[in-house]
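Working notes for the structure below.
What follows is calculated from the coordinates using simple rules that are stated; it is not laboratory data. Model, not experiment: these values are computed from the prediction. Because the Cβ atoms are built from the backbone with ideal geometry, glycine has one as well, and the counts that use them run over all protein chains shown.
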Amino acid sequence: MTVAGRLQIDVCRGPEGSARIVSSRPHAITRLFTGRTSGEIARLVPTLFSVCRMAQAATATSVCETALGILPSAGTAQVRELLVLAETAREHLVRILMDWPRFLGCAPDRAVPRRVMMLDRKLRSALDRDGTAFAIAGKPHVDRDALTNTLGDLEMLLEAEVFAGPAAQWLDRASLDDLLAWSNGAATPAQRLLHRGLEEGWWASGSIEVDPLPEIDRVCLAGPLLAEDADAFTRLPTWNGRPRETTPLVRQAEHPLVQACRDGAGFGLGARLAARLVELAALPGRMAALAATLTTEEAASSSVGRTAGNGRAIVQTEAARGRLAHAIEIDRGIVTRYRILAPTEWNFHPSGSAARGLAKLACASTGDTRRLAELMITALDPCVGYELKVQ
Amino acid sequence: MCLAMPAQVVSLDVQRETATVALGPVRKEISIALLEEVAIGDYVLVHVGFALHKLSPEEAERTLSMMREAGENPERELAEGDRP
């Protein structure tokens, strides 16, 4: 077992196709948090969990503040939300620009992902000039001009490298015919991959009934997540007895284009790729709307409130890969229990969406199972490495 | 769980956009395609074969000591982790 862990994924082809997923992801790392103060947790989490650093940091700080009865200002909460959205855009872009070209048999244009990383750094710097956004009761300083300019740069990058046109207009597409017409342009890797899916017949491959992770009240989630034996839940989570999915597909399931994908072919590979594009296309608009509300309140000058914290809290954040939950118990300022439930545990549960989608692929008599299995895994996007065996 | 390993850059192949990083006795080739400027001696965070960010030697040491404190072995993690 390694610190980050990995997934072993075995796919067996044939009429009774199957997929077996074994995770070696360790959960002991949160033991490090017991015996520490909330301030230490807020510093530790983004250092350790550096892939979805913003989502992890936002959730950790928020869970500590809630347990302690600290209410961050509305401006601080907005800045944190913007930082998580910027990270979501970065993660989607890296998948689309680095991973999708591989399935087209070509090398990615590496200058573009590098621009994405640079934009991400600029956005973070604009939103949190002095790096205080995730301190307990932090009051970040926003550089509004830099934020506006960088959001404009992000829109231009999406237009040129992904959507071959304004992202907001792309969101008006509502049918498979619209999507096919767009993909015919073939100017970006996203257009070319979706075109292949629609033309080569693998659009519906791996189609399953998705069982979405519902909104879960924090009181209900506290039961399994703060239980003595919570490790069993965080390793193999189920809700009402069933493994659930928490992905961009679930978040975007109501969008007309994703609905059209489902109506035409079910929730298969194509719907998953389309849902990621839908989520990405909406992000600049969501971020600009949030940024506009910051003009009425300067995060750094607003005050911090207090509520009756009871030393126990659960906070859930929609991270790039799905919903992330942190749970905490604090006694006299010292953390006595800390748990993290990451989206990969839901999505790559042995009986979850990845396993069922891969098993469906394995039943198909045609097609390149390995290539499609890799595409399915990339579409569900685990936050750890994996080894795939196809027999 | 979204963990990345700190490691130090010991050599660079600018043409291929790769670097060899070291952690203790372990050496590994990784992609530096996502970073703008990397120099020999820099510390980077490595995740599934890619350098994600640069970090200071102090941050790297703090992260590594926390992982060791949790009873884990970062050197083995780097050795066994995925390639780009």
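Normalising the average separation of contacting C-alpha pairs (under 8 angstrom, six or more residues apart) by the number of residues puts the relative contact order of chain A at 30 percent. Once backbone amide H atoms are built at 1.01 Å from N, B:D42 has B:V9 as its partners under 5 Å, excluding neighbours fewer than 5 places away on the same chain.
Modelled this way, with points 7 Å down the Cα-to-C-beta line, the labels at A:A77 and B:M66 are 2.6 nm from one another.
For A:E329, the shell of other residues with beta-carbons less than 13 Å away shows a net charge of +3, using +1 for Lys and Arg and -1 for Asp and Glu. Note that the range A:170-176 has calculated 3J(HN,Hα) couplings of 4, 5, 6, 5, 9, 9, 5 Hz, one per residue in order, obtained from phi through the Karplus relation 6.51 cos²θ - 1.76 cosθ + 1.60 (θ = phi - 60°); glycine and proline are x. The stretch between A:S351 and A:T37 holds 109.3 nm of extra length on full extension. This uses 0.36 nm per residue minus the Cα-Cα distance. Applying the Karplus relation 6.51 cos²θ - 1.76 cosθ + 1.60 with θ = phi - 60° to the range A:46-59 yields 3J(HN,Hα) values of x, 6, 7, 9, 8, 7, 9, 4, 5, 5, 5, 5, 4, 5 Hz, where x marks Gly and Pro. A cut-off of 5 Å between modelled amide H atoms, ignoring neighbours fewer than 5 places along the same chain, links A:I330 with A:R312, A:T336. Under the simplified labelling scheme, the A:K389-B:R76 pair shows an inter-label distance of 2.1 nm, with each label point 7 Å from Cα along Cα→Cβ.
Among beta bridges identified by DSSP and lying wholly in chain A, the antiparallel ones come to about 80 percent. The simple spin-label model puts a point 7 Å past each Cα toward its Cβ; for A:C220 and A:R20 those points are separated by 3.4 nm.
When shorter helices are ignored and each DSSP H run of at least 4 residues is given -39500 (n - 2.57), the per-residue value for the protein assembly as shown at 222 nm works out to -13000 deg cm²/dmol.
What is the helix-to-structure angle for A:111-127, meaning the angle in degrees between its Cα long axis and the longest Cα principal axis of chain A, kept from 0 to 90 and rounded to the nearest 10? On a 0 to 90 degree scale, this one is about 20.
Take the Cβ atoms of A:A227 and A:N310, set R0 to 22 Å, and the FRET efficiency comes out at 0.80.
Quick check on the exposure proxy: order A:M118, A:M287 from fewest to most C-beta atoms within 10 angstrom. Numbers along the way, then the final one.
On the way: A:M118 15, A:M287 23.
In order of increasing Cβ crowding within 10 Å: A:M118, A:M287.
Our summary gives the range B:5-80 a relative contact order of 31 percent, counting only alpha carbon pairs under 8 angstrom and 6 or more residues apart. For A:M118 and A:A187, the difference between the fully extended length at 0.36 nm per residue and the C-alpha to C-alpha distance is 22.5 nm. Relative to the current alpha-carbon distance between A:Q259 and A:D331, full extension at 0.36 nm per residue lengthens the span by 21.2 nm. Taking the Cα centre of the protein assembly as shown as origin and assigning +1 to Lys and Arg Cβ atoms and -1 to Asp and Glu Cβ atoms, the resulting dipole is close to 680 debye.
Just to confirm the filter: which trypsin sites (Lys or Arg not before Pro) across the range A:41-113 are DSSP coil and have at most 16 other Cβ within 10 angstrom of their Cβ?
On the way: sites: A:R43, A:R53, A:R80, A:R90, A:R95, A:R102, A:R110; in loops: A:R110.
Passing both the DSSP loop test and the Cβ count: A:R110.
Per-residue 3J(HN,Hα) values for the range B:29-44, derived from phi via the Karplus relation 6.51 cos²θ - 1.76 cosθ + 1.60 with θ = phi - 60°, read 8, 10, 8, 10, 4, 8, 10, 6, 10, 10, 10, 4, x, 5, 9, 10 Hz in sequence order (x marks Gly and Pro).
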